[in-house]
Structures are given as structure tokens and as C-alpha cells.
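Please treat every number below as a calculation from the coordinates, not as lab data. None of the values given here were measured: they were computed from a predicted structure. We place every Cβ from the backbone using ideal geometry, glycine too, and count neighbours over all the protein chains shown.
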Amino acid sequence: MRTIPEIKAAEGETRALRRWFHAHPELAFEETETSDLIAKTLKEYGVEVHRGLGRTGVVGVLRVGDGKRSIGLRADMDALPMQELNGFAHRSQYPGKMHACGHDGHMAMLLGAARHLARTRDFDGTIVFIFSPAEENGSGAKVMVDEGIFRQFPVDAVFGLHNWPGLPVNNFGIRPGPILAGCTNFDIRIIGVGAHAAFPHDGKDPILTGSLIVTALQGIITRNKNPMDAAVLSVTQFNGGEARNIVPDTATLAGTIRAFDEKTLDLIESRMQTIVQNISAAHECGAELIIKRYLPTVNTPAETRFAGEVMKSIVNEAKVDADVVPTMGSEDFAYMLQARPGAFAFLGAGDGEHREEGHGPGPCALHNTSYDFNDEILSLGSTYWVELSRRWLARTA
């Protein structure tokens, strides 16, 4: 493995930043302390700083030479609404908030790259460092795109990187085409008529109706969708009623759909509308269905190949899976890839053996209350950003 020596030597500073972010998690569009520290740190490095896009987003710009060629590098900023179970010193100081997806490490790796690039300035072009808010809940990347980030800061391509537990430490994973699924989040409200539980015929039961809807929705996956098209539909919430002897007036369901192409999502959403409305009508209930879709994350082929070659130059070829299995997770970086060519990749974080004494009892998995980022991969992540930028800006047209 060939990490840049100066980046490795400054790893203590990068680790300190990562642990500060971990201890001070902020939720979607609330990343004020986080963005303040990012902006302050970039300015100290000599990077031009812009704020306000995506409400709490931060953009750093570093220009050398004519600045004509350009590249965008993105890290996400927000935490999750979870109560951390870890007890080590850098655990979350804010109840009910936790960096359980590694965004603390993503920010630190990109800042480490910015520090090195600002000090060496050994490239010709423009590097745009994008710190994007609200990835977990709010599509902050989409907000930044809609507000004109790439009009204000044009880039030839944009790249993203995510730590990946389960992938061996210091291994990379990337692939052309879909690497993360599109996501449709849904909420269903069943509107019935309340009644005494002893006299259910006097009401219209939203609990029974909702139960039948849950069962019928799985038929979309097993009987309507082409078996060759990967997709999952999960109902994750079912709420209704307050007393055991009362049929409630309403019940609510919520969940998520995942698929790698929008045609499959179109099919599932259409069938869901039919099932929800018709089952509700059959049981004399009303129904409301609210759907919010997020795009699949689709890597463009040329940029994916380029990023893969950079990875192979840093670690040996055996540690780069250039056709990594795509995942049903989703990412709002998809909206940046819709606006510009580029590639999203995984950086292996191992199986959790890195965690310090006092970690929680659960696995070191994303979105788990016992998760912690693996600081061992900080220097490699920063090195990847630096080498990717240098080689992209030096490439022949």
C-alpha cells in the first residue's frame, strides 16, 4: 500500500478531526457546528470557502495554474437520529444523535486531502471540495444541485467515497453502472371508523385493512416484478390504536422500496397505488399513499475505470474489486451523478476489530448503535482523493 508519507505523518490531526465530528453529531440541515469547523479548517489550509448552498453545505475551491480542468470531491456531513451505545471517550455528546454511518470519517479524509493539496499545490486545475448536508434524511446533495452548485462551481466530473464495513481493510470496491439502489420511501394512512372491539361490525377496521395491505404488497415483488430485476419492499412501521378494546379510526404504515433502475420502481409504485386503494375500498376504508423517490446511484463507465486505475496504483490490484456487488443501500450522491459524470466507491473498513474498549455490544455495521469508523483507513482515503485529483487534472484530453 502506498499512502502519501506527508498524509500519514499528519494522521494525528486527521484523527482528531474525525473524533471531534463523531462526538458532535448533527442531523440533516442542522450541521451548523460541523460546517463551522469545516469552513474554519479549510480557511486555515488556504482553501477558498463558500457557504450557504444546501443551507448548511460547505464548498472549498483550490485553483492552481489556469484552473480550466476541474474535479469535484464530495463528503457527506450529517448524523443519524440514534442513541449511541459506545462508551469510549469520543462517543456522541448529544443524546439521540450519532455518526453511525461514517460521515465523520468521510469529512476527515476529505479535509486531510485538502490540507495536503493546499500545501503542495502540485497540480494544474481546480479542485472543488464538496461537503454535502442531509444525506441520511433530506437529499442535501439534490438541494445543492438544484441550487446550482455545478453552475457556480463547474466540474468535469464528481467523485464520492464511502467506508464499507465487511469489505477488508484497505480494499476498494467500485463498478460501472448502478452501485447503490434507488429508494422509494412510502407512508400509507388507512382511514376507517372506530368502534368498540366487542362490536367491530359497527366500525370499519383500519388494522385488518392494513394487515391485508402488508401481505398483498409482497406479491408485487414475487408476482409482478421480473425475477431478474432485483428489488426489495419492506414495511417497517405499522401503527394504530391506543387501547385493546377499541377498533381505532386510523392506522398508518411506512416503509421503503429499493431497486437498481427507475422502471422497476415505476412498476412497484404503480402496483402499490392499486393495492392500497382497492383493498381499502373493499373494506370500506379510505386510504392515502405518500411516496418520495430517490434515484439509483449510477457510475459512468469512463470515470469508473479511471478511479479504479488510481486505486490499483495505491494498493495492489488484488485489493481492488472493479465489479463489486451492488448494494440495496441508497445515496443522495446519485443526484450529483445525474448532473455530472463520475463514480462512487467503497473503501473497506474491516469487521470491527479496530473498535476501542468500551464499544457497544452490537456489530460494527452501518446504522448500528455500536458502530465506529475505522481510523486506520483515514490516510488511505486522503491519499486516494489526492492521487485521483492529481491524475484527473493531468490526464490528456
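Relative contact order of the stretch 182-294, please, whole-number percent, based on alpha carbon pairs below 8 angstrom and at least 6 residues apart.
Normalised by residue count, the contact order of the stretch 182-294 is 44 percent.
Under 12 Å between alpha carbons, and skipping anything fewer than 8 positions from K8 in its own chain: which aspartates and glutamates qualify?
In chain and number order, the partners are D375, E376.
List the relative contact order of the chain as a percent without decimals, with contacts defined as Cα pairs under 8 Å and 6+ residues apart.
25 percent
Residue separation times 0.36 nm, minus the C-alpha to C-alpha distance between S270 and L212: what's the value? Provide the component values of the computation, followed by the final result.
Values: separation 58, 0.36 × 58 = 20.88 nm, distance 1.77 nm.
Taking 0.36 nm per residue and subtracting the Cα distance, the gain is 19.1 nm.
For the pair A9/D323, report the inter-label distance in nm, with labels modelled 7 Å from Cα in the Cβ direction.
So the label points at A9 and D323 sit 4.2 nm apart.
Which three numbers, in whole Å and largest first, are the semi-axes of the equivalent ellipsoid of the stretch 182-294 derived from its Cα gyration tensor as √(5λ)?
Working through the eigenvalues yields semi-axes of 29, 12, 11 Å.
Taking the Cβ of each residue in V193, V320, V232 as the centre, tally the other Cβ atoms inside 10 Å and list the residues starting with the fewest.
Result, fewest neighbours first: V232, V193, V320.
Give the angle, between 0 and 90 degrees and rounded to the nearest 10, that separates the Cα long axis of helix 103-120 from the longest principal axis of the Cα atoms of the chain.
Result, in degrees: 20.
What would the Debye equation give as log₁₀ I(q)/I(0) for the stretch 1-136 at q = 0.15, 0.16, 0.20 Å⁻¹, counting only Cα atoms as equal point scatterers?
-0.71, -0.80, -1.15
Using 1/(1 + (r/R0)^6) with R0 = 45 angstrom and r between the beta carbons of F199 and Q83, what's the FRET efficiency to the nearest 0.05?
Working: r = 42 Å, r/R0 = 0.93.
Here the calculated transfer efficiency is 0.60.
Would you kindly calculate the translational diffusion coefficient of the stretch 176-224, applying Stokes-Einstein with the Kirkwood radius from alpha carbon pairs, for 10 °C and a viscosity of 1.306 mPa s, and quote it in µm² s⁻¹ without decimals?
Result for D is 115 µm²/s.
Quick one: grab Rg to one decimal and Dmax as a whole number for the stretch 109-161, Cα atoms only, in Å.
Spelled out, the Cα radius of gyration and Dmax of the stretch 109-161 are 12.8, 37 Å.
By per-residue mean of other Cβ atoms within 10 Å, what is the highest-first order of 22-30, 131-139, 344-352?
Put in order of decreasing packing, that is 131-139, 344-352, 22-30.
For the chain, what is the Kirkwood estimate of the hydrodynamic radius, computed as the reciprocal of the mean inverse distance between distinct Cα atoms, to one decimal in Å?
This gives a value of 22.5 Å.
Give me C364, C285 ranked fewest to most by other Cβ atoms within 10 Å of their Cβ, as a rough exposure proxy.
Ordered from fewest to most neighbouring Cβ atoms within 10 Å, C364, C285 come out as C364, C285.
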